[in-house]
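Engineer: Mind looking over this structure? Questions follow.
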Amino acid sequence: MLTLNQIKNNPEELIKKLSVRNKDFSQLIHDAIKTDNKRKEIQSSLDATLEQSNKIAKSIGQLFKEGKQAEAGKAKSEAAELKEKAKELTAKLNDAKAELQTILFEIPNIPHPSVPAGKTDADNAEIRAGGTIPKLSKKVPHWELADTYDLIDFELGNKITGAGFPVYKGKGAKLQRALIAFFLDEADKAGFTEIMPPLVINEASGFGTGQLPDKEGQMYQVTEDKLFLIPTAEVPVTNLYRDVILKEDDFPIKMTAYSSCFRREAGSYGKDVRGLNRLHQFDKVEIVQIQHPDKSYETLDEMVAYVESLVQKLELPYRIVRLCGGDLGFTSALTYDFEVYSAGQDKWLEVSSVSNFETFQANRLKLRFKKVGEKQTQPAHTLNGSALALPRIVAALLENNYTEEGIKIPEVLQKFTNFDLIN
RNA sequence: GGAGAGAUGGCAGAGUGGUCGAAUGCGGUAGUCUUGAAAACUAUUGUACUCACAAGGUACCGGGGGUUCGAAUCCCUCUCUCUCCGCCA
């Protein structure tokens, strides 16, 4: 969430910056300022009322001690009036605050200057690409390969749970385990501390990273306990630092976590959700960093380079795109998406999203730091990225490495799978 | 699931209606001493809003509500934690 300072500092400039998102935010911005001014006005008159009332209350104590009953009684009635006034003002203040909060929740993060204008993913800017697209004698989609080699059973998943909950079997299951171990080992080598977080979160955590209030429809809910299944490990891991004040030399904080992820994906349908392309439950290794504002873009580049190293090691053809304003997530200032080419479907699949949220999450999380010798706190920057999400990587591995002898396992994975061929 | 106890500042832990933003200890920071360090001593040390990040003011003692002129302290409610019993990987 943006702070009032960010909004009031230069509203017109802000509106211009936000317009990159392909939407006009001028009404919201002006409403925010208006509502905050109203809030301030009410607040200061409430504060003044309370001040008076506090003073009188103190004097009453004094008067009683001195035995001046009559004066005390008079002061009491005076205080009662002030109390009535304070009550009214408090109600007004709460209204204004709630109104302001609603408005602030609707204002997205400010896109970084490098974010290209545009409406859809077609307008995303390709940064670079790598790997070679394999020339296959036969293009077979992964759901057929999964069936042929008995790796993943989508029908069984339907039976046990429903669509989008596949059952991995035999070498299919081992491949999952291998990828998780590989990704975690790589993250460890790159200096990320391994975290194993809860898979269920409370409301406060959902607010902290921005899934709530408006995206609760995308999460599975445990209504009886007011909990949510995590859509990504980003939520519990980033929330480890909710309400934390760091010291400047605590940066950078680097964490990685493997978790299952649960997404309702309401509204998805058709061929995009075929096979592993879009699931309700999937596995992912996430990397999260908390960084000093001066260094967060350097860090973002490092994270992109790190994810790139993963797809390279897996020998997958890939491209990196910078998301355009229309495609950029609500909470993100700059996002790079990784896509790998899946030869059987003849299609690019998004496998990772690496973002800098700047202070947007930190403001909600109340994740701040203090400079040495300074009293003032300021929000830290948060970043995260998938490193990596498994299903589409599996899809591309199966499809791209399919040969007449079977499916070849990339060399880096073999020590984790203990086999080099699926046949 | 049953019974009981509790939730106070970074931590430990006082405080049961006014002088409490809150004793004390530990920790942190700065300084004195020292070649340096330790010890000792001295000072300082929560967050946010208002505001010029001054002074002053306001709020916050798990969350919400109430009683009262006045609440950390009394009442209601919710959440969480701990202990014992039960169940159980």
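The values are calculated or read from the model by the stated rules, or taken from the named source; none is laboratory data. Owing to the predicted nature of the structure, the values given are computational and were not obtained by experimental measurement. Neighbour counts are summed over all protein chains in view; Cβ atoms, including those assigned to glycine, are modelled from backbone coordinates with ideal geometry. Heads up: the accessible areas ignore ligands, DNA and RNA and are worked out on the full protein's heavy atoms, side chains in. Shrake-Rupley method; radii C 1.70, N 1.55, O 1.52, S 1.80 Å.
Engineer: Every residue in region A:75-128 that is of a type in the set (Lys, Arg) and in contact (Cβ under 8 Å) with a residue 24 or more places away in the chain, please.
Structural biologist: Start the filter on region A:75-128 by keeping residues that are of a type in the set (Lys, Arg), which leaves A:76, A:83, A:85, A:87, A:92, A:97, A:119, A:128.
Scanning region A:75-128 gives A:Lys83, A:Lys85, A:Lys92, A:Lys97, A:Lys119, A:Arg128.
Engineer: Report the residue count in region A:276-329 for those that are of a type in the set (Ser, Thr, Tyr) and either open to solvent by 20 Å² or more (accessible area, probe 1.4 Å) or on the phi > 0 side of the Ramachandran plot (or both). Before you say what the answer is, go through the steps one by one.
Structural biologist: Step one: filter region A:276-329 for residues of a type in the set (Ser, Thr, Tyr), giving A:296-297, A:299, A:306, A:309, A:318.
Subsequent filtering for residues that are either open to solvent by 20 Å² or more (accessible area, probe 1.4 Å) or on the phi > 0 side of the Ramachandran plot (or both) retains A:297, A:306, A:309.
Final tally of qualifying residues: 3.
Engineer: Could you say whether any residue in region A:75-92 is among the polar types (S, T, N, Q), modelled with pLDDT of 85 or more and either within 10 Å of RNA strand B (Cβ to nearest atom) or not in a helix (DSSP H, G or I) (or both)? Quick ask: steps written out before the conclusion?
Structural biologist: Taking region A:75-92 first, the residues among the polar types (S, T, N, Q) are A:77, A:90.
Subset that is modelled with pLDDT of 85 or more: A:90.
Restricting the remaining residues to those that are either within 10 Å of RNA strand B (Cβ to nearest atom) or not in a helix (DSSP H, G or I) (or both) gives A:90.
Within region A:75-92, one or more residues are among the polar types (S, T, N, Q), modelled with pLDDT of 85 or more and either within 10 Å of RNA strand B (Cβ to nearest atom) or not in a helix (DSSP H, G or I) (or both).
Engineer: For residues that are open to solvent by 20 Å² or more (accessible area, probe 1.4 Å) and in a loop (DSSP other than H, G, I, E, B), tally how many sit in region A:204-220.
Structural biologist: The initial filter retains those residues of region A:204-220 that are open to solvent by 20 Å² or more (accessible area, probe 1.4 Å), namely A:204, A:207, A:211, A:213-218, A:220.
With in a loop (DSSP other than H, G, I, E, B) added as a condition, the list becomes A:211, A:213-215, A:220.
Final tally of qualifying residues: 5.
Engineer: Just need a number here: residues in region A:113-124 that are in a loop (DSSP other than H, G, I, E, B) and among the charged types (D, E, K, R).
Structural biologist: Here is the first cut: in region A:113-124, the ones in a loop (DSSP other than H, G, I, E, B) are A:113-120, A:124.
Checking which are among the charged types (D, E, K, R) leaves us with A:119.
Adding up the residues that qualify gives 1.
Engineer: Here's another thing I want to ask about it. In the set A:Leu28, A:Leu63, which member is of a type outside the set (S, T, N, Q), more than 7 Å from RNA strand B (Cβ to nearest atom) and in contact (Cβ under 8 Å) with a residue 60 or more places away in the chain?
Structural biologist: Every option except A:Leu28 fails the conditions.
Engineer: Report whether or not A:Arg39 is touching a residue at least 60 places away in the same chain (Cβ under 8 Å), among the basic types (Lys, Arg) and under 28 Å from A:Lys119 (Cα atoms). So that I can check it myself, show each step before the final result.
Structural biologist: Numbers: touching a residue at least 60 places away in the same chain (Cβ under 8 Å): yes; among the basic types (Lys, Arg): yes; under 28 Å from A:Lys119 (Cα atoms): no.
When the stated conditions are applied, A:Arg39 does not pass them.
Engineer: Can you name every residue in region A:183-203 that is surrounded by 20 or more Cβ atoms within 10 Å (Cβ to Cβ) and farther than 14 Å from A:Ile287 by Cα?
Structural biologist: Answer for region A:183-203, where residues must be surrounded by 20 or more Cβ atoms within 10 Å (Cβ to Cβ) and farther than 14 Å from A:Ile287 by Cα: just A:Ile201.
Engineer: I've got another one for you. Got a number for residues in region A:44-55 being within 7 Å of RNA strand B (Cβ to nearest atom) and buried (at least 16 other Cβ atoms within 10 Å of the Cβ)?
Structural biologist: 3
Engineer: Look through A:Glu126, A:Glu155, A:Glu203, A:Glu216 and report the one residue that is on the phi < 0 side of the Ramachandran plot and more than 23 Å from the chain's Cα centre (by Cα).
Structural biologist: Details: A:Glu126 fails: more than 23 Å from the chain's Cα centre (by Cα); A:Glu203 fails: more than 23 Å from the chain's Cα centre (by Cα); A:Glu216 fails: more than 23 Å from the chain's Cα centre (by Cα).
That would be A:Glu155, the only listed residue that is on the phi < 0 side of the Ramachandran plot and more than 23 Å from the chain's Cα centre (by Cα).
Engineer: Please indicate, with yes or no, whether at least one residue in region A:341-359 is within 16 Å of RNA strand B (Cβ to nearest atom) and either assigned by TED's automatic domain parsing to the domain that holds A:Ala305 or over 28 Å from A:Leu279 (Cβ atoms) (or both). Reasoning before the result, please.
Structural biologist: From region A:341-359, those within 16 Å of RNA strand B (Cβ to nearest atom) are A:359; that's our starting set.
Still in the list and also either assigned by TED's automatic domain parsing to the domain that holds A:Ala305 or over 28 Å from A:Leu279 (Cβ atoms) (or both): A:359.
Yes.
Engineer: May I ask you to verify whether A:Cys324 is assigned to a loop (DSSP other than H, G, I, E, B) and in contact (Cβ under 8 Å) with a residue 24 or more places away in the chain?
Structural biologist: Values: assigned to a loop (DSSP other than H, G, I, E, B): yes; in contact (Cβ under 8 Å) with a residue 24 or more places away in the chain: yes.
Yes; evaluated as a whole, the condition is true for this residue.
Engineer: Follow-up question, since we're still on this one. So which residues in region A:141-182 are surrounded by fewer than 18 Cβ atoms within 10 Å (Cβ to Cβ) and closer than 16 Å to A:Glu286 by Cβ, if there are any at all?
Structural biologist: Within region A:141-182, A:Ile180, A:Ala181 qualify.
Engineer: Now, a different point. Those residues that are within 16 Å of RNA strand B (Cβ to nearest atom) and crowded, with 17+ Cβ neighbours inside 10 Å, I need them from region A:7-25; list them, please.
Structural biologist: In the first step, residues of region A:7-25 are kept if they are within 16 Å of RNA strand B (Cβ to nearest atom); the result is A:7-9, A:11.
A:Ile7, the sole residue that qualifies.
Engineer: So is A:Thr35 part of a helix (DSSP H, G or I) and near RNA strand B (Cβ under 10 Å from one of its atoms) or not?
Structural biologist: Answer is no for this residue.
Engineer: Restricting the search to region A:3-28, which residues are within 24 Å of A:Thr120 (Cα to Cα) and in contact with a helix residue (DSSP H, G or I) (Cβ under 7 Å, 6 or more places away or on another chain)?
Structural biologist: Going through region A:3-28, the residues within 24 Å of A:Thr120 (Cα to Cα) turn out to be A:13-28.
A:Leu14, A:Ile15, A:Phe25, A:Ser26, A:Leu28, listed by residue number.
Engineer: Let me ask something additional. Quick check on region A:125-145: of everything there that is part of a strand (DSSP E or B) and hydrophobic (A, V, I, L, M, F, W, C), which residue is nearest to A:Arg322 (Cα to Cα)?
Structural biologist: First, the residues of region A:125-145 that are part of a strand (DSSP E or B): A:125-130.
Then keep just the ones that are hydrophobic (A, V, I, L, M, F, W, C); that gives A:125, A:127, A:129.
Numbers: A:Ala125: 5, A:Ile127: 7, A:Ala129: 12 Å.
This residue is A:Ala125.
Engineer: State the number of residues belonging to region A:222-275 that are open to solvent by 60 Å² or more (accessible area, probe 1.4 Å), within 16 Å of RNA strand B (Cβ to nearest atom) and touching a helix residue (DSSP H, G or I) at 6+ places or on another chain (Cβ under 8 Å).
Structural biologist: The qualifying residues number 3.
Engineer: Would you kindly identify the strands (runs of 3 or more DSSP E) lying entirely within region A:235-301 that contain at least 3 residues that are charged (D, E, K, R) and within 24 Å of A:Val340 (Cα to Cα)?
Structural biologist: Because the criterion is at least 3 residues that are charged (D, E, K, R) and within 24 Å of A:Val340 (Cα to Cα), the strands (runs of 3 or more DSSP E) in region A:235-301 that meet it are A:281-291.
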